[in-house]
Amino acid sequence: MILAQTRTYTTGSGPGPGPSSSSVLEYLAPCPDQVLENVLENVLWFLTSRKDRNAASLVCRSWYRVEALTRSDLFIGNCYAVSPKRATSRFTRIRSVTLKGRPRFADFNLMPPNWGAHLAPWVSAMALTYPWLEKVHLKRMSVTDDDLALLAESFSGFKELVLVCCDGFGTSGLAIVASRCRQLKVLDLIESEVSDDDVDWISYFPDTGTCLESLIFDCVECPIDFDALERLVANSPSLKKLRLNRHVSMGQLHRLMVQAPRLTHLGTGSFSPSEDVAQGEQGPDYVSAFAACKSIVCLSGFREIIPDYLPAINPVCANLTSLNFSYANVSAEHLKPIISNCHKLQIFWVLDSICDEGLQAVAATCKELRELRVFPFEAREDIEGPVSEVGLQAVSEGCRKLESILYFCQRMTNAAVVAMSKNCPDLVVFRLCIMGRHRPDHVTGEPMDEGFGAIVMNCKKLTRLAVSGLLTDRAFAYIGKYGKIVRTLSVAFAGDSDMGLKYVLEGCPRLQKLEIRDSPFGDAALLSGLHHYYNMRFLWMSACNLSNQGCQQIAQALPRLVVEVIKHEDNLDMDENVDTLYMYRSLEGPRDDVPRFVSIL
Amino acid sequence: MERSMAYESDLNLKATELRLGLPGSDEPEKPSTTPSVRSNKRASPEISEESRSKGSSCVSSKVESGERDSAPPAKEQVVGWPPIRSYRKNCLRAKKNDQVDGAGMYVKVSVDGAPYLRKIDLQVYKSYPELLETLENMFKLTIGEYSEKEGYNGSDFAPTYEDKDGDWMLVGDVPWDMFISSCKRLRIMKGSEARGLSC
């Protein structure tokens, strides 16, 4: 805090002494407002929570200004809600940017490609205004190789690049990042689509050594040069997280593990031997390799697993907090000996190939489990399905600390869902996907209303909910009545009438993200949410009963809402029915990169 | 509470029918006892539907009519359901394929009356029409069009396959993915035996 300085008063924005044009050497106590602002600046540096910062910025203009100067992490939940120019003008000292683009339903081919969410305008703006940018986290954005090149060139201290569910770039873009970002600590590619440009990007990392702490490339489908990777790992003494793609065989994995025994997070690649290992030949000692990696707490990969090799991971099981078997077709029999050692497990992703029996084994051992995701090996509606209410019930009884669950199944009962609502009061995320559309409780034949009703009623911390199965408006009445802190709701093939959506829009004051498909909600229901849409990040409704007229009404009533009507590529005639509505609040009005299949009302 | 299905007035074909797409709500009344995938062997999908479909992932779905009570669009694939990302689907599909026969899925093809067998890689094909066309070219014969009721009526030849259970099935009855994962070998039957199948 500066107590004496030469200062020229300028016109202030707050109350206080009026402007003075003379420079005054000030030995007296500085003006109270300047003191306050300095104090504020020093204090606000410590404020990290976005919510707190947003609140602070609303106090008065002075606080607004100081908050903007002291914010270092910029989070933009919808890249179209604000323009790069506006964001970079307000916040001038940003070190880390998080941007989210496409809506989640685009992941399931519900949106034609090339809808938008381009990184280009953002990276151009940031290249000019944030020379000290260190971190970029993107989700569902379209990123080109040129964008990556600009990023690599513009930010000399760049440290962290995380791309989740992104596309549009290839190995040539990665090569540029690898070679130019000399301070790079984190390069995480998670479920992104990376095109194969025939570039050996791993070899572009500097030979002299890197600062890499995390290298995640399990989603990269292109083969890599293993020797280059081995050199890279040897040259990266800080490397803690390494997730390999499926082109890395077990033998290669072994060599890497020997080089990097201090890893904490390991993605094991294919977890099967390469072609040229003869049957019965004495392979490397995998068990010792795992035993040597005493710090491993997170294990994933197993992309082409030969289950016989699974026991190799036994030495690390006791310390594991996170285990991802969701690409491994493992049976209950294979799982049980492994999972029975995983007492500390908190996060478990798995395929339903383990069956209800496997889930029972999980429930018996993993008392610390916080997050469970059960994915379907066969994602279709017309089969029996290996997991059911039996597995869910077992998990609810064994894993009382459960906070987040994603469960795909073919059949379910209300009773099991109700049981979970009572046994797992800490649930924050409950996502149940009964894959057969409109499927009722398979024991009672009743709709699944009561089960989901119990979830919203009993789980007082619930903020994210995804519903499925046969659901009447009653289910939505429950959600509207009890889901007071629900922020994200996903609905598919559910409800009877407009009332369903009305209950939710009128009853859930914290609702931020609402995505609905194939449900009978029409214009009247849409209009009932007028009071709330400015408080939401977005609303998605596809294959519902909306008309152009209804959407027009919304657009006219709420000028700060961008109302996009998305047509399917093969159905570009402007008829009255709206295929897909995607609307979101925005300070900028209609975006200028609209593809031809989108009209903004 | 059940949706009324337009098919129910038929000879209950709906109960045994399997669309190439994803059927849905008729499932609950159907007591499927077998835990395996092959509970729908006797179904009759729409091959012609598949040949019309526009390409792997972006088959556009008709707007599923909002009212639950009306029948779903006939035998359309439902885009994006269940909600699994295509990356995951592709990884697991590759895995399912690998389960059958390692790298490449070569199966023997015999034709009644031909002196020697051939082998084809099923993974190369994306649909029944493609496969049948190849067989027709390979053996210089006409198999004709599949229909759910009459098989390959009007043709001297009927393509059949041996599945994991060891049973001989008519090619085209089950969805392509299911066929791929269960087909062990192919046999193109000829003559009266073939015609017998189409009844």
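The values are calculated or read from the model by the stated rules, or taken from the named source; none is laboratory data. None of the values given here were measured: they were computed from a predicted structure. No Cβ is skipped: glycine too gets one built from the backbone with ideal geometry, and neighbour counts run over all protein chains shown. Keep in mind that these areas ignore ligands, DNA and RNA; they rest on the heavy atoms of the full protein, side chains included. Shrake-Rupley method; radii C 1.70, N 1.55, O 1.52, S 1.80 Å.
Spin-label model, B:Glu133 to A:Asp426: label points 7 Å out along the Cα-to-beta-carbon direction sit 5.8 nm apart.
What FRET efficiency comes out for B:Asp177 versus A:His343 if R0 is 56 angstrom and r is the Cβ-Cβ distance? Round to the nearest 0.05. Mind dumping the intermediate values first?
Details: r = 39 Å, r/R0 = 0.69.
So, using R0 = 56 Å, E works out to roughly 0.90.
Taking all Cα pairs closer than 8 Å and separated by 6 or more residues, the relative contact order of chain A comes to 6 percent.
Computed from backbone phi with θ = phi - 60° and the Karplus coefficients 6.51, -1.76 and 1.60, the 3J(HN,Hα) list for the range A:377-388 is 6, 10, 8, 9, 9, 9, 10, 5, x, x, 10, 8 Hz; x is used for glycine and proline.
Using R0 = 30 Å, the C-beta based FRET efficiency linking A:Thr208 and A:Leu128 works out to 0.45. Compared with the rule-of-thumb size 2.2 N^0.38 Å for a compact globular protein, the range A:396-442 has a Cα radius of gyration ratio of 1.15. With contacts taken as Cα pairs under 8 Å and at least 6 residues apart, the range A:93-248 reaches a relative contact order of 17 percent. Dividing the helix sum by the residues of chain A, where each DSSP H run of 4 or more adds -39500 (n - 2.57), gives a mean residue ellipticity at 222 nm of -8500 deg cm²/dmol. Between A:Val35 and A:Lys294, the modelled labels are 5.5 nm apart [label points 7 Å from Cα along Cα→Cβ]. For the cross-link pairs B:Lys108/B:Lys164; A:Lys139/A:Lys502; A:Lys294/A:Lys344; A:Lys51/A:Lys513, the ones whose C-alpha atoms lie over 20 Å apart are A:Lys139/A:Lys502.
Compute the FRET efficiency between A:Ala364 and A:Ile190 as 1/(1 + (r/R0)^6), taking r as their Cβ-Cβ distance and R0 = 35 Å, and round to the nearest 0.05. Don't skip to the end; give the middle numbers.
On the way: r = 31 Å, r/R0 = 0.88.
According to the calculation, E is roughly 0.70.
When each of the peptides A:366-374, A:310-318, B:85-93 is scored by the mean number of other C-beta atoms lying within 10 Å of its residues, the order from highest to lowest reads A:366-374, A:310-318, B:85-93. Can you bin the range A:316-422 into rounded, prolate or oblate? Criterion: square roots of the alpha carbon gyration tensor eigenvalues sorted a ≥ b ≥ c, rounded for a/c under 1.5, prolate for a/b above b/c, oblate for the rest. Oblate, because a/c is 1.5 or more while a/b does not exceed b/c. Modelled label positions at B:Val124 and A:Ile485, each set 7 Å beyond Cα in the direction of Cβ, lie 6.0 nm from each other.
Grab the other residues whose beta carbon is less than 9 angstrom from that of A:Leu47, score K and R as +1, D and E as -1, and report the net. So the environment of A:Leu47 carries a net charge of 0.
Roughly speaking, what is the centre-to-centre gap between the range A:547-564 and the range A:80-113 when only Cα atoms are used, to the nearest Å? Centre-to-centre (Cα) distance: 22 Å. Where in chain A are the DSSP H helices whose alpha-carbon span along the long axis reaches 27 Å or more and whose Kyte-Doolittle mean is at least -0.5? Helix filter hits for chain A: none.
Positive contributions from Lys and Arg (+1) and negative ones from Asp and Glu (-1), summed over other residues with Cβ under 11 Å from the Cβ of A:Cys219, come out at -1. Taking a ≥ b ≥ c as the square roots of the eigenvalues of the alpha carbon gyration tensor, the range A:511-582 is prolate, as a/c is not under 1.5 and a/b beats b/c. The radius of gyration of the Cα set in the range A:54-160, together with its Dmax, comes out at 14.8, 46 angstrom. The residues of chain A present an accessible area of 40 Å² per residue when probed at 1.4 Å with all protein chains retained. Of all DSSP-defined beta bridges confined to chain A, some 20% are antiparallel rather than parallel.
Full extension of the chain between A:Ser72 and A:Asp225 gives 51.3 nm of extra length, using 0.36 nm per residue less the Cα-Cα distance.
Antiparallel beta bridges, as assigned by DSSP with both residues in the range A:485-601, represent about 55 percent of the total such bridges.
Between chain A and chain B, roughly 4500 Å² of accessible surface gets buried, counting both sides and using a 1.4 Å probe.
First check a/c for chain A, with a ≥ b ≥ c the square roots of the eigenvalues of its C-alpha gyration tensor; if it is under 1.5, answer rounded, and if not, answer prolate when a/b is larger than b/c or oblate otherwise.
oblate
Among the chymotrypsin sites (Phe, Trp or Tyr not before Pro) within the range A:200-254, not one is in coil by DSSP while having at most 15 neighbouring Cβ atoms inside 10 Å. If the chain linking A:Thr98 and A:Ser274 were pulled fully straight, counting 0.36 nm for each residue of separation and taking away their Cα-Cα distance, it would gain 59.5 nm.
So, counting K/R as plus one and D/E as minus one, what does the shell of residues with Cβ under 12 Å around A:Ala292 add up to? Net charge in that neighbourhood comes out at +1.
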